[in-house]
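What follows is a short report on a single structure.
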Amino acid sequence: MNKTLFRQVTMLTGDDLQVQHGDLLIEDGIIKKIGTVSAAEAEDAVEFARGEHYVLVPGYINTHTHVAMSVLRDYGGDMPLDVWLNQYIWPAEAKLTDDDVYWGSCLGMLEMIASGTTCLVDMYDHCDAIAEAISDGGMRAILSRGSVGMNDPEGRGIAENDAVYARWHGAEDDRIRVWYGPHAPNTCPGDYIQEMAQHARERGTGVHIHVAETKGEWEWCQSTHGMTPVGWLESLGVLDVPTLAAHSVWLDDADIAIYAKHGVAAAHNPISNLKLASGVCRVEDLQHAGVTVGLGTDGSSSNNIMSMHRELQVAALIHKIRNYDAQAVGARDALKLATIEGAKAIRWQDAIGSIAEGKKADLTLYELDAPWNVPHHDVVSNLAYAAQQSDIDSVFVQGECLYKHGDYTTFDKERILAEAETRAKRLIQ
């Protein structure tokens, strides 16, 4: 039996992230007890941390990313989305090999783990290579084969998504799950999206798709179909499948009502949407309508780092100025976007997303003893506005420590950096 103990630490517990001081015991990857752990219960446990300046939060859930794009970081910067994709990203991605994607995924996971992320929701090609990297690194993930249907008349992307599902869904003690990934309404024909949704429906899984990311997409859909991207997706009959709609920036009230009607969840990507000048997601309006909203980074070539710590801090700021309301998306709200709301968005809240007895021990440990974290009037506010990523001490997935006191335990950092640098240079020649 593998047991890890935290003594008299600060914790954000339950779905509401309530501040609690006490002990936490992990047993065989599960949170066994929160509160006071007796000497008998702690027998044979390894004490990992002690003291209220240590803060345990649920591991962050990155609800939208393209992990292997880390090898394209800083390439084609300061461009609008259509130029960035067509002239820079897609030509470079056409050169990718499985090995490129494996090492790019490892590099991306180095970033994410150090920022407190325990679970990622990815959309990309070469999914077997990504799954191998997830398996080796110990993170939790939902993978989908991102497919640009307008360039795939034979349905190769759909067949590959089927194969990835067959090989990886439920693998690694259910650390890896597989959804389906039609790229976007403006890059996939309607029948292509319908077929992908049907494959997901038959397998009892979900669909991960970019929706209403830019004004250009919205205008194209209006001129082509006479309706918004969301309205068009509803007309296709595909929203009965669990759907994660990445970005969801250009939504009107009717679109939000459609999300609420069908249980569509949104993945909010504030930094990517700022950098690409796409706009700002209507998070509060979505939530008021009963729509679940998670938080994501997008890929590191449009962000440019996949730091959920930084993402939640921007999320806690940007909506205040958008709404001219200092109480819009407060500190606790932003942390919930990164944790329990993300878990709900991917239908995994029964096992992850909050610190509760019986849930998987996916945890991020901060050490808040630096000058910018003192005094500790409000630890939730501390995390959302003051703490730095460097304050993250350790990260656990299913009780396994992937990042221990600032050092990686499952990855060879130096080799990953070298491999990624070499491959990145070849891709943009």
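Read the figures in this text as sums done on the coordinates, not as results from a lab. Worth saying up front: this structure is predicted, and the values here are computed from it rather than measured. Glycine gets a Cβ as well: all are built from the backbone with ideal geometry, and neighbour counts include every protein chain shown.
Here are the numbers for this structure:
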read-out	value
GNM flexibility winner over the chain from G155, G216, G204 (Cα, springs under 10 Å)	G204
Within-14-Å neighbourhood charge of H309 [Cβ basis; K, R +1; D, E -1]	-4
Over the chain: helical MRE at 222 nm, DSSP H runs n ≥ 4 each giving -39500 (n - 2.57), nearest 500	-10000 deg cm²/dmol
Chain lengthening between S38 and A260 when straightened (0.36 nm per residue, less Cα-Cα)	75.4 nm
Charged-residue dipole, Cβ positions (Lys, Arg, Asp, Glu), the chain about Cα centre, Debye nearest 20	340 debye
Largest to smallest principal axis extent of the C-alpha atoms in region 248-377, angstrom	46, 35, 31
0 to 90° range, to nearest 10: angle between helix 98-114 axis and the chain longest Cα axis	40 degrees
Shape parameters for region 373-421, alpha-carbon atoms, Rg then Dmax in Å	14.8, 44
Convex hull projection area averaged over all views, the chain, Cα basis, nm²	19.6 nm²
Point-charge dipole on Cβ atoms (K/R +1, D/E -1) for region 212-266, about Cα centre, debye to 20	80 debye
P(r) of region 307-429 over all Cα-Cα pairs, binned every 5 Å from zero, in whole percent	2, 10, 14, 16, 18, 16, 11, 8, 4, 1, 0
Out-of-range pairs (alpha-carbon distance over 23 Å; input K320/K359; K261/K320; K33/K360; K320/K360; K3/K344)	K320/K359; K261/K320; K320/K360; K3/K344
Label-point separation, M1 to K95 (7 Å along Cα→Cβ), nm	5.5 nm
Square roots of 5 times each gyration tensor eigenvalue, C-alpha, region 176-309, largest first, Å	21, 18, 15
When region 18-139 is reduced to its Cα atoms, the Kirkwood hydrodynamic radius in Å	17.4 Å
HN-Hα J in Hz across region 124-135 - Karplus 6.51, -1.76, 1.60, θ = phi - 60°, x for Gly and Pro	6, 9, 6, 5, 4, 5, 5, 4, 4, 5, 4, 4
Cα Rg over Rh - region 225-298, Kirkwood	0.95
Inverse mean reciprocal Cα-Cα distance (Kirkwood Rh) of region 136-192, Å	12.0 Å
